[in-house]
1. Name the one entry in Glu84, Glu133, Glu92 that is of a type in the set (Asp, Glu), surrounded by 18 or more Cβ atoms within 10 Å (Cβ to Cβ) and either within 28 Å of Gln52 (Cα to Cα) or within 17 Å of the chain's Cα centre (by Cα) (or both).
2. Can you pull out the residues in the range 98-127 that are within 16 Å of Ala60 (Cβ to Cβ), outside any helix (DSSP H, G or I) and within 13 Å of the chain's Cα centre (by Cα)?
3. Among the numbered criteria (1) free of Cβ contacts under 8 Å to residues at least 12 places away in the same chain; (2) in contact with a strand residue (DSSP E or B) (Cβ under 8 Å, 6 or more places away or on another chain), which single criterion is violated by Glu42?
4. In the range 140-147, is there at least one residue being assigned to a helix (DSSP H, G or I), free of Cβ contacts under 8 Å to residues at least 60 places away in the same chain, more than 23 Å from Lys4 (Cα to Cα) and basic (Lys, Arg)?
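Nothing in this text is a laboratory measurement; each read-out follows from the coordinates by a stated rule. Since the model is a prediction, treat every value here as computed from it, not as a measurement. So basically every Cβ, Gly included, is an ideal-geometry build from the backbone, and we count neighbours across all protein chains shown.
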Amino acid sequence: MTVKLEECSLANLKKLQEISIETFNDTFKDQNSPDNMKAYLERAFHDHQLEQELTNVDSAFYFIYDDEEVAGYLKVNVNEAQSEQMGDESLEVERIYIRHKFQGKGLGKYLINKAMEVAIAHNKISIWLGVWEKNDHAIGFYKKLGFVQTGAHSFYMGDEKQMDLIMTKTLE
């Protein structure tokens, strides 16, 4: 397995959109209504929305490749791009999306390590993320990597209010 990272640009919008929809759908379709999934996917991964995110100077996207094939991606935010007011000393890991056939290969850990590198390069002292309270697999993964729950916030899947746990890791 040869793993490499590549920063995404506006030229990658369609590929980013395709992977976003595929991975989000694969992960959450069984726990949510088709209408709520459709509404969320159309809003969150619309061309205009992704264009705004890709051109935001306080956000960065990184594709992860496994043997030349895009296996998923990481999105990080600093400063005003963070989805919660966590302060200037924090970096948000907004998305770690790994395509189903690439899961279990250590790519998520690789992306968390990249997020920590980016945080250190920006002189941040912690990284944080939101994870759906019913996503036990992801919560366990983050706990294993040293994240602890520090709060919670609401997340809307279509018209359904759900809860994300906020998990934080202090950088050493």
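1. On the way: Glu84 fails: surrounded by 18 or more Cβ atoms within 10 Å (Cβ to Cβ); Glu133 fails: surrounded by 18 or more Cβ atoms within 10 Å (Cβ to Cβ).
Selected residue: Glu92, the only one of Glu84, Glu133, Glu92 that is of a type in the set (Asp, Glu), surrounded by 18 or more Cβ atoms within 10 Å (Cβ to Cβ) and either within 28 Å of Gln52 (Cα to Cα) or within 17 Å of the chain's Cα centre (by Cα) (or both).
2. Scanning the range 98-127 gives a single hit, Ile127.
3. (2)
4. Yes, the range 140-147 contains a residue that is assigned to a helix (DSSP H, G or I), free of Cβ contacts under 8 Å to residues at least 60 places away in the same chain, more than 23 Å from Lys4 (Cα to Cα) and basic (Lys, Arg).
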